[in-house]
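Just so it is clear, none of the values below were taken in a lab; they were calculated from the coordinates. None of the values given here were measured: they were computed from a predicted structure. All Cβ positions, glycine included, derive from the backbone under ideal geometry; neighbour counts span all protein chains shown.
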Amino acid sequence: MKVVFERPRSLQLTRTHYCPGCGHGIVHRLVAEIIDEFNIQEKTIGIAPVGCSVLAYNYFDIDMQQAAHGRAPAVATGIKRVLPDRVVFAYQGDGDLASIGTAEIIHAAGRSENITVIFINNAIYGMTGGQMAPTTLVGQKTETTPYGRDPKMAGYPIKICEILSVMDGPAFIARVAISDVKNILKAKSMIKKAFQMQIENRGFSLVEILSPCPTNWGMTPGDAMRWINDEMTKVFPPGIYKESWEVLA
Amino acid sequence: MKLETIMAGFGGQGIMLMGEILAHSAMMENKEVSWIPSYGPEMRGGTANCMVVISDRRIASPIISHPDVLVAMNKPSMEKFSPLVKPGGLIILNISMIDDRPARGDVDILEVDAGKIADALGNSKVANMVVLGALVGKTGIVDKKTVLNSIDCFLPSHRKSMYEINEKAFIKGLELMAGVTLKGVG
Amino acid sequence: MNKLVIDKDRCKGCGLCIEVCPKKILHFDNSIVNLLGYHPVAADDGCIACGFCSTICPDIVFSVYKDVKEGETVGKAVDEGQ
Amino acid sequence: MEKLLMKGNEALAEAAIRAGCQCFFGYPITPQSELPAYLAREMPKRGRVFLQAESEIAAINMVYGAAGAGARVMTSSSGPGISLKQEGISYLCGAELPCLIVNIVRGGPGLGDIQPAQSDYFQATRGGGHGDYRTIVFAPSSVQELVDLVYDAFDLADIYRNPVMILGDGILGQMMEPVVFREKPRRQLPPKTWATTGKKGRGQNIITSLYLDPVKLEQHNWKLDKKYREIMARECRWEVINGDDAEYFVVAYGICARIAFSAIEMARSAGVKAGLIRPVTLWPYPQKAFDDVMNRAKAFLTVELSLGQMIDDVKLSVNGRAPVYFYGRPGGMVPTAEDIFNEILKMKGASV
């Protein structure tokens, strides 16, 4: 018998608190699989954000720090600067990274801090109950845009990959969706590349992941996956936005 | 023994350095010292001053309300600080930059044509060392050799070639004290 | 024969696996309620060990094992991921 | 031992390096600029980390990350920057991470000015951010004391797993005084078995301040409280001048205590039995200093570069046993020794 799939070692046996069909569980698993594949469980340090994934440290079986809202890239910087031979990744949602933490992510990228950022974009604030996120689509209904996001009042979605990719600092910037099996496998290969960049000392890497939030979108898990493919990818096109294999000086 | 000195002038006249060298010399002679600068928005371009306290006991306040000695390198400094000098104290004036005199009959006033002397030595920037020489000569607060050592310490490595002219300026100031007449009650 | 192990008490009944199973062998078992309060997923015979269900499952409900002969590759999904 | 003439800010920086500080994260603000500038020059030369962050908020969170990774770490700022760091300080206290935070206080509120002030007393000693927490606060009053306290600050931070703040002011930062870097015998410090360094050879380590279960959060808070009480019992520091015979006490810290010391000398010359209580730790507050002199103390005068912040602690310490008077100058104005001397005379007149 050959193993096609088993729980990765770098995940705890614990059941997660995430809602049915939530993308966090899939992404946690992908990251854990990559940690296993690189055999770096004992030298990886993760940073949990504020948001639905605040308890990520209960699910990953690695050393982790929990950071203040938006500050995961700064915390990651602190760790990486004192432990440069460890693998450090920040796991952040869209409110955390693209709203309250915009300064931290842009400057970590600008410094080409040799860390990896996993950025979950589900176009909504999950933990606080479905408010507008910086990445909420125009017209999308949320608790705080009950008539749909109106750009005249609430502005436009913030496109992190596009912003970061014009900077000199970052080594690797990519956007993926986890909307079906094929895309999940593609997402895994991108996350793997991001970690590889760090391990090879090439500088800042970030993978934005379009991820479903069926509960706050008011959809079935299946419909949520289809909505990513049909609507989100139009505004947030997947792809590699920047890839530079130069080694950091 | 306690000597409180305020040194004041334009930014660029080497006021801070003069104070630092005095404080350093005193420290090297195992006295207690403190040095504080004026700073803030007026730091560049305007007047600059520093306060140096030298004592053989633990120094309480490093902030001087009434100095024993005022070194005024320009007129605004003289106007601002001369009324504060203790009766019986000393005011050293750089008369190259000051055409007026303080209205005090109860203090010693030492006029030093520091700018002119410095120019004659070949660098107007060493006027501060001339004045420092006069101060040390008059008060005897520290030994001449100690000061020369401190001047060497404070010259940045890329200015070591300037040592000789600074030394000359300081010695000139010291020598001025031989046969000088002080104005005031002395 | 391939082996599909289902940890019923991890299942939250999202049904994503049922949607992606190419052989349509997965369904909810309405006869039981698991620890989390859901009708968990159950499988009929006929698993081809493609790994689609375990790939999309957010809750690590599945373990998948393929009965392979010497030199044979594993599932399509797993190959693409590497 | 070599005696050097150094500015407070630079002496503090050198002391931090000698005390084993491995990394510094900060954001520029006056009047502490010489401190990061010195470290920017010296840290890379000595194999340490210096990083100018994009904000005070980022800086304190970098401190959090580095402290959580087990490093000896510091940041420095001034009033407005410390306000921004308070969220991070709350997290550091909640997660029990050691670090040194330097606050060279300037005049406030708001942008205020850049002159010396002590109006950050509340935000230093009362926590300052959200939640029940305390930071150990040292208030040196000379450049030598600044240097000596840096070593203790790092050690106490490690011993208690708690941030320690050094509260200075612009004069202390800019003032030059002779300083000797005494090599102190290193204390036995607890190993940082809790640090997130990668879980090699042990179980998972987690740094967090989140306790969603209220029972667990209460337990955590009681645990912190117990630690704070231990600190209160063990770590109070103060200096008393003329404690043997004084009847009228000035209470002042930092640069204010230096000026008050001059005023005490003037009062003594004028025949007033004046003394000085100078708290060196502002939290924990040295209540015992007051107990020790209470049998002969007739009155206390609190002097601050603020409008009545430390006076709360003086009143709590005196606890109604003698009158407490106040003299303060806000907004970066510094009183003269004569001003304080006059207040001492008023205190004596009012409490005969």
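Using alpha carbons only, how many angstrom separate the centre of region A:86-140 from the centre of region B:127-164? Using only Cα atoms, the two centres lie 59 Å from each other.
Note on region D:1-160: the alpha carbon radius of gyration divided by the globular reference 2.2 N^0.38 Å gives 0.96. With 31 Å as the limit on Cα-Cα distance, the pairs of B:Lys116/B:Lys144; A:Lys193/D:Lys200; C:Lys8/D:Lys223 that go past it are C:Lys8/D:Lys223. Quick one: check the C-alpha center-to-center distance for region D:1-27 versus region B:45-78, whole angstrom. Between the Cα centre of region D:1-27 and that of region B:45-78, the gap is 27 Å. By the compact-protein rule of thumb, 2.2 N^0.38 Å, the alpha-carbon radius of gyration of region D:92-201 corresponds to a ratio of 1.23. Counted by neighbouring Cβ atoms within 10 Å, the residues D:Thr135, D:Thr30 run from fewest to most as D:Thr30, D:Thr135. Between A:Gln131 and B:Arg57, the modelled labels are 6.2 nm apart [label points 7 Å from Cα along Cα→Cβ].
The listed peptides A:77-90, B:160-173, ordered by packing as a protection proxy, come out as A:77-90, B:160-173 (highest mean of other Cβ atoms within 10 Å first). Close amide H pairs (under 5 Å, H built 1.01 Å from N) link D:Trp283 with D:Val137, residues at least 5 positions away or on another chain. Each part reduced to its alpha carbon centroid, region A:177-249 and region D:242-314 end up 63 Å apart. Scalar couplings 3J(HN,Hα) for region B:10-20, obtained by applying the Karplus form with A = 6.51, B = -1.76, C = 1.60 to θ = phi - 60°, are 6, x, x, 8, x, 5, 4, 5, 4, x, 5 Hz; x denotes Gly and Pro. Here the alpha carbons of region A:43-91 define both size measures, Rg and Dmax, at 10.0, 29 Å.
Averaged over the residues of peptide A:55-66, the number of Cβ atoms from other protein chains lying within 10 Å of each residue's Cβ is 6. Only Lys, Arg, Asp and Glu carry charge here, each on its Cβ (+1 for the first two, -1 for the last two); on that basis chain D has a dipole of about 1000 debye about its Cα centre. Along the axis of the charge dipole computed for region D:212-302 (Cβ charges of +1 for Lys and Arg, -1 for Asp and Glu, origin at the Cα centre), the listed residues D:Tyr253, D:Phe290, D:Phe300 are led at the positive end by D:Tyr253. Can you tell me the 0 to 90 degree angle between the C-alpha axis of helix D:8-18 and the longest principal axis of chain D, rounded to 10? Tilt relative to chain D: about 40 degrees.
Rounded to the nearest 10 degrees, the inclination of helix D:254-269 to the longest alpha-carbon principal axis of chain D is 20 degrees. Sorted fewest first by neighbouring Cβ atoms within 10 angstrom, B:Val130, B:Val53 come out as B:Val53, B:Val130. The percentage of C-alpha pairs in the protein assembly as shown whose separation is greater than 51 Å is 33%.
Think of chain D as a dipole: +1 on every Lys or Arg Cβ, -1 on every Asp or Glu Cβ, centred on the Cα centre; then among D:Pro80, D:Gly170, D:Ala66, D:Ala66 lies furthest on the positive end. A Cβ-based charge dipole, computed about the Cα centre of the protein assembly as shown with Lys and Arg at +1 and Asp and Glu at -1, lands at about 740 debye. If you take the beta carbon distance between D:Arg46 and B:Met162 as r and set R0 to 41 Å, what does 1/(1 + (r/R0)^6) give as a FRET efficiency, to the nearest 0.05? Efficiency at R0 = 41 Å is approximately 0.85. Residue by residue, region D:182-189 carries 3J(HN,Hα) couplings of 7, 6, 8, x, 5, 6, 6, 9 Hz when phi is fed to the Karplus relation 6.51 cos²θ - 1.76 cosθ + 1.60 (θ = phi - 60°); x denotes Gly or Pro.
Whole-Hz Karplus values for region B:121-135 come out as 6, x, 7, 5, 5, 8, 4, 4, 6, 4, 5, 4, x, 4, 4 Hz, taken residue by residue from phi with 6.51 cos²θ - 1.76 cosθ + 1.60 and θ = phi - 60°; glycine and proline positions read x.
Most tightly packed first, judged by the mean number of other beta-carbon atoms within 10 Å of their residues, the peptides B:28-34, C:59-65, A:21-27 read A:21-27, C:59-65, B:28-34. Relative to the longest principal axis of the Cα atoms of chain D, the long axis of helix D:143-160 lies at roughly 50 degrees. With all projection directions averaged, the alpha carbon convex hull of chain D covers 18.9 nm². Classification of region D:239-350 by its C-alpha gyration tensor yields a rounded form. The axis ratio a/c (a ≥ b ≥ c) stays under 1.5. For chain B, the Cβ-based charge dipole about the Cα centre amounts to some 140 debye (Lys, Arg positive; Asp, Glu negative; other atoms uncharged).
Considering only beta bridges that DSSP places wholly inside region A:23-243, some 20 percent are antiparallel.
Contact order for chain A, expressed relative to its length and based on alpha carbon pairs under 8 Å spaced 6+ residues apart, stands at 18 percent. With one equal scatterer per alpha carbon and no solvent term, the Debye-computed log10 I(q)/I(0) for region A:23-243 at 0.08, 0.09, 0.10, 0.17 1/Å reads -0.24, -0.31, -0.39, -1.17.
Short to long, the 5 Å bins of the Cα pair-distance histogram for region D:26-120 hold 3, 15, 24, 24, 19, 11, 5, 1 percent of all pairs.
Computed log10 I(q)/I(0) for chain B at 0.18 Å⁻¹: -1.23, from the Debye equation with unit scatterers placed on every C-alpha and solvent omitted.
Counting neighbouring Cβ atoms within 10 Å and putting the fewest first, the residues D:Glu2, A:Glu162, D:Glu145 line up as D:Glu2, A:Glu162, D:Glu145. Kindly provide the pair-distance distribution of region C:3-68 built from C-alpha pairs, with 10 Å bins from 0 and whole-percent values in order of increasing distance. P(r) over region C:3-68, rounded to whole percents: 24, 58, 17, 1. Divide the volume of the convex hull around the Cα atoms of region B:24-117 by the residue count and you get 124 Å³ per residue.
Across the options B:Pro87, C:Leu26, D:Val150, the greatest Cα extent toward the positive end of the charge dipole of the protein assembly as shown (unit charges at beta carbon of Lys, Arg, Asp, Glu) belongs to C:Leu26.
Taking amide H as placed 1.01 Å from N in the peptide plane, the amide H of A:Met127 sits under 5 Å from that of A:Cys52, each at least 5 places away or on another chain. Amide hydrogen proximity for D:Val251: with H placed 1.01 Å from N in the peptide plane, the residues at 5 or more positions away or on another chain lying under 5 Å are D:Ile277, D:Leu301, D:Thr302, D:Val303.
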